[in-house]
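Reading through the structure tokens given below for one structure.
The values are calculated or read from the model by the stated rules, or taken from the named source; none is laboratory data. All of these numbers come straight from a predicted model, not from anything done at the bench. Ideal geometry is used to build each Cβ from the backbone, glycine not excepted, and the neighbour counts take in all protein chains shown. The area values use the complete protein model at the heavy-atom level, side chains included, leaving out ligands, DNA and RNA. Shrake-Rupley method; radii C 1.70, N 1.55, O 1.52, S 1.80 Å.
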Amino acid sequence: MTNYDEDHISDLPELRRKFPTTKMKMLYRNPSISKEQLISLKRQSGPISPAMVSMLDMLDKYTHTPVKPPEFPSVTYSCYRNNYETDFVDSNNISLVTFLTCNGHKFIIPGDLEKPGWEKLLNNTDFCQELQGVKIFIASHHGRENGYCEKVFEHCCPNVVVFSDESIKHETQKMSEIYARHARGIQFGGRTRHVLSTRQDGALEWPL
């Protein structure tokens, strides 16, 4: 669960319908926020949505650390996060930042982390070391300006930056050139691209 906002959890009820608790055995999330705190935070922006109701139900059910987590062949991952209240009191800056390596291809998935959240995590030496070797950089907050932190790219030089921005449209177009400065570039559609976006390029699959 990279972020507790609606656009990150809207499909959760359907996912749980297809994969009940007996099959979906683990939930990765930022545990520094309690169920009660999450309810209070979400009520500040309006009624609790059905997706959030589903999320809150999972917080009641997924409460124990797995004794033997499943093995994923050729896949490694690690997660980092800031703490609710002691670090930040908004949902974006407590996004769960995941490093995912599949057959040597290293991704970073930072949720909706904003610049202050990045800067806090950059104080962690282990986090900075994890940034090294990132090849596919999923832009935070769908490529919006407030998710960009230039200091991050002092620790990594990805091959390409990806915007998941189909519903954002014009808000992210001005950021493409800024992110492109940090990427080496890949061959895509017969030409060199430094930034890909779901708005422009549709659904993206990575050959592993």
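Here Arg29 fulfils each of the conditions (1) out of contact with any strand residue (DSSP E or B) (no Cβ under 7 Å at 6 or more places or on another chain); (2) farther than 23 Å from Gln129 by Cα; (3) buried (at least 16 other Cβ atoms within 10 Å of the Cβ) apart from (2). Residues in the stretch 1-25 that are open to solvent by less than 50 Å² (accessible area, probe 1.4 Å) and not acidic (Asp, Glu): 8 in all. Output yes when any residue across the stretch 42-63 is out of contact with any Ser or Thr (no Cβ under 9 Å at 6 or more places or on another chain), within 30 Å of Leu131 (Cα to Cα) and loosely packed, with under 11 Cβ neighbours inside 10 Å, and no when none is. Within the stretch 42-63, one or more residues are out of contact with any Ser or Thr (no Cβ under 9 Å at 6 or more places or on another chain), within 30 Å of Leu131 (Cα to Cα) and loosely packed, with under 11 Cβ neighbours inside 10 Å.
Of all residues in the stretch 1-60, those satisfying the criterion of being assigned to a loop (DSSP other than H, G, I, E, B), over 12 Å from Ser91 (Cα atoms) and among the hydroxyl-bearing types (Ser, Thr, Tyr) are Ser10, Thr21, Thr22, Tyr28, Ser34, Ser49. Listed by position, the strands (runs of 3 or more DSSP E) inside the stretch 133-208 whose residues that are surrounded by 15 or more Cβ atoms within 10 Å (Cβ to Cβ) and of a type in the set (Gly, Ala, Ser) number at least 3 form an empty set. The set of residues in the stretch 98-118 being under 20 Å from Gln37 (Cβ atoms) and under 14 Å from the mean Cα position of the chain (by Cα) consists of Gly111, Asp112, Leu113, Glu114, Gly117. If the Cβ limit is 6 Å and pairs must be 6+ apart or interchain, which residue in the stretch 42-53 that is in contact (Cβ under 8 Å) with a residue 24 or more places away in the chain and under 20 Å from Tyr84 (Cα atoms) pairs with which residue that is of a type in the set (Lys, Arg) and surrounded by 11 or more Cβ atoms within 10 Å (Cβ to Cβ)? Partner pairs satisfying both residue conditions: Met52/Lys42.
Restricting attention to the stretch 120-132, the residues being open to solvent by 60 Å² or more (accessible area, probe 1.4 Å) and in a helix (DSSP H, G or I) number 4.
Taking residues in the stretch 63-82 that are hydrophobic (A, V, I, L, M, F, W, C), and partners anywhere that are open to solvent by less than 70 Å² (accessible area, probe 1.4 Å) and in a strand (DSSP E or B), the pairs with Cβ atoms closer than 9 Å and at least 6 places apart or on different chains are Phe72/Cys102; Val75/Leu100; Val75/Thr101; Val75/Cys102; Cys79/Val97; Cys79/Thr98; Cys79/Phe99.
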